[in-house]
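Colleague: Have a look at this one.
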Amino acid sequence: LGVEKTNPPTTADYWRMGLGSVVHELLEPAIKKWLDDDDTVTVEEEMSVKLGEHGNGHIDMVLNTADGSKIVLELKTINGFGYKMSVEKGEGPRHSHILQGAMYAKAVDADMLVIGYLAMENISPSRARSQGIDDIGRFATEWHYSKSYYMPLANQETERLESIALQAHAEGALSIPRRFSHSD
């Protein structure tokens, strides 16, 4: 609309986003190569999808298995502290990451959603040993969600985002919609 950005990225933001992009650029071809050697899985990378009537998204990777299953893989780079909280403290992935992945999985009617974390800082070897974390777990982990788990989350989040888009449109494209939340 030709309107100045209200929160333009800073130099630090570009650095953080760039690190995440580099990790994706290095990891995704390795995963694709590994899975391409497996005749039972085909890989679709960087897939654009429609999310509801007003949204768009970009799936990191979709795995199609020989048995007809479809798996959405959403990869996230995460800082060391966040990674340690998710793995060592058992907090799991951030809710916003699950919601994003759920909406992507819904968009392609996936059978499973996988959220993968790639830490920007390793858990120390001694700390990992004391917690029973293997070498790969020091910097990478994943969580799997079935369709029965992720679909209600995706439906609710799609509904929420659609209502925000409709409200913003009704009130004028540059207005800030009123805040609201869904009750449990």
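The values are calculated or read from the model by the stated rules, or taken from the named source; none is laboratory data. The model shown is predicted, which means the values in this text are computed figures rather than measured ones. No Cβ is skipped: glycine too gets one built from the backbone with ideal geometry, and neighbour counts run over all protein chains shown. The protein model used for the area step is the full one, side chains on, heavy atoms only, and it has no ligands, DNA or RNA in it. Shrake-Rupley method; radii C 1.70, N 1.55, O 1.52, S 1.80 Å.
Colleague: Using Cα springs under 10 Å in a Gaussian network model of the chain, which residue among ALA110, ALA12, ALA140 shows the largest mean-square fluctuation?
Modeller: Most flexible of the set in this elastic network: ALA12.
Colleague: Ignoring ligands, DNA and RNA, what percent of the accessible area of the chain is carbon or sulfur (1.4 Å)?
Modeller: Exposed carbon and sulfur together represent 54 percent of the surface.
Colleague: From largest accessible area down, sort ASP111, ASP39, ASP67, ASP60; use a 1.4 Å probe on the protein chains. Walk me through the numbers on the way to the answer.
Modeller: On the way: ASP111 75, ASP39 145, ASP67 120, ASP60 15 Å².
Putting ASP111, ASP39, ASP67, ASP60 in descending order of accessible area: ASP39, ASP67, ASP111, ASP60.
Colleague: Identify which of GLY90, GLY80, GLY52 has the largest mean-square fluctuation in a Gaussian network model of the chain, with springs joining Cα atoms closer than 10 Å.
Modeller: Among GLY90, GLY80, GLY52, the largest GNM mean-square fluctuation belongs to GLY90.
Colleague: Moving to a separate point now. Quick check: convex hull over the Cα atoms of the range 82-176, volume per residue in Å³, rounded to an integer?
Modeller: Working: hull volume 11.6 nm³, N = 95.
Cα convex hull per residue, to the nearest whole number: 123 Å³.
Colleague: Moving on to the next point. Taking every pair of distinct Cα atoms and averaging 1/r, then inverting, what Kirkwood hydrodynamic radius in Å comes out for the chain? Each step should come with its number before you reach the end.
Modeller: On the way: mean 1/r = 0.0541 Å⁻¹.
About 18.5 Å for the chain.
Colleague: Here's a follow-up. Along the Cα-to-Cβ line of LYS70, 7 Å from the Cα, sits a label point; which residues in the range 113-132 have backbone N less than 16 Å from it?
Modeller: 113-114
Colleague: Additional query: Round to the nearest 0.05 the FRET efficiency obtained for LYS5 and ASP39 when R0 = 45 Å and r is the Cβ-Cβ distance. It would help to have the intermediate numbers written out before the result.
Modeller: Values: r = 47 Å, r/R0 = 1.04.
Taking R0 as 45 Å, the efficiency between LYS5 and ASP39 is 0.45.
Colleague: Cut-off under 22 Å on the C-alpha distance; same-chain residues fewer than 8 positions from LYS32 excluded. Which lysines are left, in chain and number order?
Modeller: Partners found: LYS70, LYS76.
Colleague: So, one more: Which of the three applies to the range 32-118, rounded, prolate or oblate, going by the alpha-carbon gyration tensor with a ≥ b ≥ c and a/c under 1.5 meaning rounded? Working shown, then result.
Modeller: Numbers: a/c = 2.14, a/b = 1.28, b/c = 1.67.
Taking the square roots of the gyration eigenvalues as a ≥ b ≥ c, the range 32-118 is oblate.
Colleague: Kindly report, to the nearest 10 Å², the accessible surface of ARG16 as traced by a 1.4 Å probe over protein heavy atoms only.
Modeller: Accessible surface of ARG16 is approximately 140 Å².
Colleague: Relative to the first principal axis of the alpha-carbon coordinates of the chain, what is the inclination of helix 11-36, with its axis defined by its Cα atoms, in degrees from 0 to 90 and to the nearest 10?
Modeller: Tilt of helix 11-36: around 60 degrees.
Colleague: Another question, then. Taking the solvent-accessible surface of protein heavy atoms with a 1.4 Å probe, what is the per residue accessible area of the chain in Å²? Walk me through the intermediate numbers first.
Modeller: Working: 11570 Å² over 184 residues.
Ligands and nucleic acids excluded, the figure is 63 Å² per residue.
Colleague: Given the range 1-79, what whole percent of its Cα pairs are spread farther than 20 Å?
Modeller: Values: 1574 of 3081 pairs.
That tail contains 51 percent of the Cα-Cα pairs.
Colleague: Let me ask you something else. With every protein chain kept in the model, how would you rank LYS106, LYS5, LYS84 by accessible area, 1.4 Å probe, largest at the top? Provide the component values of the computation, followed by the final result.
Modeller: Values: LYS106 70, LYS5 140, LYS84 40 Å².
So the residues, ranked largest to smallest area, are LYS5, LYS106, LYS84.
Colleague: Hey, what's the Kirkwood Rh for the range 72-127 if you take every pair of different alpha carbons, in angstrom? Please list the in-between numbers first.
Modeller: Numbers: mean 1/r = 0.0830 Å⁻¹.
Over the range 72-127, the inverse of the mean reciprocal pair distance is 12.1 Å.
Colleague: Then there is this: Would you mind telling me the antiparallel percentage of the DSSP bridges in the chain, rounded to 5? Spell out each step's value before the answer.
Modeller: Working: 21 of 29 bridges.
Beta bridges within the chain, antiparallel portion: roughly 70 percent.
Colleague: Compute the Rg/Rh shape ratio of the range 17-59: radius of gyration over Kirkwood radius, all on alpha-carbon atoms. Before the final figure, lay out the partial values.
Modeller: Details: Rg = 13.4 Å, Rh = 12.2 Å.
Looking at the range 17-59, the ratio lands at 1.10.
Colleague: Report the extension gain between GLN167 and HIS144 in nm, rounded to one decimal, defined as 0.36 nm multiplied by the number of residues separating them, less their alpha carbon distance. The partial results should precede the final answer.
Modeller: On the way: separation 23, 0.36 × 23 = 8.28 nm, distance 3.40 nm.
So the extension gain works out to 4.9 nm.
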